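> Handing you a structure now.
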Amino acid sequence: MRKLCLYLISMVIFSASCQFKLDTAEGDKHDHAVTIERFDRLQSRYLTTGDYAALQQMSTQYPIETRTLIEDILQLGEVSDPHINSQFLSFYQDTTLQGILNEVQIQYSDLSDIDQALENAFQRLRRMIPDLSIPRIYTQVGALNQSIVISDSLIGISLDKYLGADFQPYKQFYDESQRASMTRANIVPDCILFYLLSRYPLKDFETRTQAERDEHMGKVMWATNQILGKTHFSTPHVKKMGTYAHAHPQKTIPQLLSED
């Protein structure tokens, strides 16, 4: 699933397991150090206790995040629907989802390590690709159908997809190889990877061969490794890109990613 999800990236939604919601309304004004906003905590408060104050905070402080979650990720309907709040609350009363909400708050009570790793990664990204801004980053809890949500100014991290390879509910839906990537250690690499993919999509994606899609993915994975300062992604296409980049040291990462 993870490999398929990575292949199906473009400027519109392609799969149920990961998606981009492109929203240019915020522009590039968020050019600051990384701080992860805990939207998931307000969400959890409302969905586990029915705290209406938490719902109001979600709607007023995080209107884009709330709309994206309800309309695009969960596909429950329009946020303007008079019954949408009760639908939203009812949806998460499922035993498995309640367990996931609780597990997220336990495992991710402290995000300081991820916050610092993202700060370091985006600072390196800005040095390598100065034209890219640092987006706002927030956390949410989906329904095991998302990993990272990207827009022009936002990155949404679905913590329900990063609860560890041995998290029992995962075993109902994912095989061992898929679960191996659903860990805390994959959050930062996935954020950088999907952010780069949103900025350097494969042109004419729909008409490209699978080999061309694989090659483009290898480029973006290789660039992500450079930004992380370590080899997180390792595939034949990543290695091929590394060989090519070594032979063309005059080319910048934006040039390499933009080449067809």
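The values are calculated or read from the model by the stated rules, or taken from the named source; none is laboratory data. This one's a predicted model, so the numbers in the text were calculated from it and none came from an experiment. For neighbour counting, all protein chains shown are included, and Cβ atoms are generated from backbone atoms with ideal geometry for every residue, glycine included. For the accessible areas, the whole protein counts, side chains as well, though only heavy atoms, and no ligand, DNA or RNA atoms are used. Shrake-Rupley method; radii C 1.70, N 1.55, O 1.52, S 1.80 Å.
> With the requirement that a residue be over 19 Å from Arg126 (Cβ atoms), open to solvent by 30 Å² or more (accessible area, probe 1.4 Å) and within 23 Å of the chain's Cα centre (by Cα), what does segment 196-209 give you? Reasoning before the result, please.
Filtering segment 196-209 for residues over 19 Å from Arg126 (Cβ atoms) gives 201-209.
Now drop any that are not open to solvent by 30 Å² or more (accessible area, probe 1.4 Å), which leaves 201, 203-204, 206-209.
Answer for segment 196-209, where residues must be over 19 Å from Arg126 (Cβ atoms), open to solvent by 30 Å² or more (accessible area, probe 1.4 Å) and within 23 Å of the chain's Cα centre (by Cα): Pro201, Lys203, Asp204, Glu206.
> Let me ask something else about it. If a residue has to be open to solvent by 70 Å² or more (accessible area, probe 1.4 Å) and in a helix (DSSP H, G or I) to count, how many in segment 227-246 make the cut?
Residues in segment 227-246 being open to solvent by 70 Å² or more (accessible area, probe 1.4 Å) and in a helix (DSSP H, G or I): 6 in total.
> Please name all residue pairs, on different chains or six or more residues apart, with Cβ atoms under 6 Å, provided the first residue is in segment 60-83 and is outside any helix (DSSP H, G or I) and the second residue is at pLDDT 95 or above and among the basic types (Lys, Arg).
Val79/Arg67
> Taking Ile64, is it at pLDDT 50 or above, over 28 Å from Arg126 (Cα atoms) and open to solvent by less than 50 Å² (accessible area, probe 1.4 Å)?
On the way: at pLDDT 50 or above: yes; over 28 Å from Arg126 (Cα atoms): no; open to solvent by less than 50 Å² (accessible area, probe 1.4 Å): yes.
Here the answer is no, as Ile64 does not meet what is asked.
> Checking the conditions here, which among Leu193, Leu163 is under 24 Å from Arg136 (Cβ atoms), in a helix (DSSP H, G or I) and not hydroxyl-bearing (Ser, Thr, Tyr)?
When all the criteria are applied, what remains is Leu193.
> Which residue out of Lys171, Lys251 is open to solvent by 20 Å² or more (accessible area, probe 1.4 Å), among the basic types (Lys, Arg), touching a Lys or Arg at 6+ places or on another chain (Cβ under 8 Å) and more than 22 Å from Glu65 (Cβ to Cβ)? Full working, then the answer.
Numbers: Lys251 fails: touching a Lys or Arg at 6+ places or on another chain (Cβ under 8 Å).
One residue alone meets the criteria, Lys171.
> Within the set of pairs 6 or more residues apart or between chains, which connect a residue that is of a type outside the set (Gly, Ala, Ser) inside segment 202-213 to a residue that is outside any loop (DSSP other than H, G, I, E, B) with Cβ atoms less than 7 Å apart?
Hits for this filter: Leu202/Arg213; Leu202/His216; Arg213/Tyr7.
> Being more than 24 Å from Val104 (Cα to Cα) and in a helix (DSSP H, G or I) is true for just one of Lys251, Lys219, Lys171. Which residue is that?
Lys219
> Here is a further query. Of everything in segment 84-106 that's of a type outside the set (Val, Ile, Thr) and either under 16 Å from Glu37 (Cα atoms) or outside any helix (DSSP H, G or I) (or both), which residue is most open to solvent (accessible area, probe 1.4 Å)?
Only one residue fits best here, namely Gln93.
> Looking only at residues in segment 179-195 that are more than 11 Å from the chain's Cα centre (by Cα) and surrounded by 18 or more Cβ atoms within 10 Å (Cβ to Cβ), which one is nearest to Asp166 (Cα to Cα)?
Here the answer is Arg179.
> I'm trying to understand the selection: among the residues of segment 27-51, which are at pLDDT below 95 and among the hydroxyl-bearing types (Ser, Thr, Tyr)?
Of everything in segment 27-51, just one residue is at pLDDT below 95 and among the hydroxyl-bearing types (Ser, Thr, Tyr), namely Thr35.
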